[in-house]
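Notes follow the structure.
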Amino acid sequence: MLSNEGIGKITSNPFTRDGRVLLSKVAATGNLKEDILKAVDLIGGFNKAIDNGDQVLLKPNYNSADSPPASSDPQFLRAIVELLFEHGAGKVIVGESSWQGLSTKKALERTGTIAALKDSVQKWRFSMQKNTSKST
């Protein structure tokens, strides 16, 4: 199922059937991690995309430090990171760059993401770029 061609291993969406993208919908039970796992299992499970030891890049959305749905939900992100490790990922990288007027580190701090991922993230690295844009 997985290919070693191109950048990374997956060159096409493994969650398809007969040329159509698979979707799932589950009722929220109050256990976010179990609900996510059930939804992913309904379309084939994490193992369709992850092999033991894989490096996985997650791209959340933190264009602002506003609460969800304007930004990714920190608890959802934490649940996904934990599930990826539980299903064989050797390394999970959270890659994000906030908009010019807000540093990524500040956005992650203000949304509670750094606190939510404190037990899952081994190392934080932030690019320190001088903001050259002027606000009016």
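Yes/no per residue for (1) at pLDDT 95 or above; (2) of a type in the set (Asp, Glu); (3) on the phi > 0 side of the Ramachandran plot:
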residue	(1), (2), (3)
ASP51	no, yes, no
VAL56	no, no, no
LYS59	no, no, no
ASN63	no, no, no
PRO68	no, no, no
SER71	no, no, no
LEU83	yes, no, no
GLU86	yes, yes, no
LYS91	no, no, no
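How many of the residues making up the range 71-108 are loosely packed, with under 14 Cβ neighbours inside 10 Å and without any contact (Cβ under 8 Å) to a residue 24 or more places away in the chain?
1
Counting residues that are within 12 Å of the chain's Cα centre (by Cα) and under 30 Å from SER12 (Cβ atoms), which helices (runs of 4 or more DSSP H) fully inside the range 33-136 reach at least 3?
Those helices (runs of 4 or more DSSP H) span 74-86.
So, in the range 36-63, how many residues would count as being crowded, with 16+ Cβ neighbours inside 10 Å and either out of contact with any Phe, Trp or Tyr (no Cβ under 7 Å at 6 or more places or on another chain) or hydroxyl-bearing (Ser, Thr, Tyr) (or both)?
9
The values are calculated or read from the model by the stated rules, or taken from the named source; none is laboratory data. Keep in mind the model is a prediction, meaning the values are calculated, not measured. Don't worry about glycine lacking a Cβ; one is built from the backbone with ideal geometry, like all the others, and counts go over all protein chains shown.
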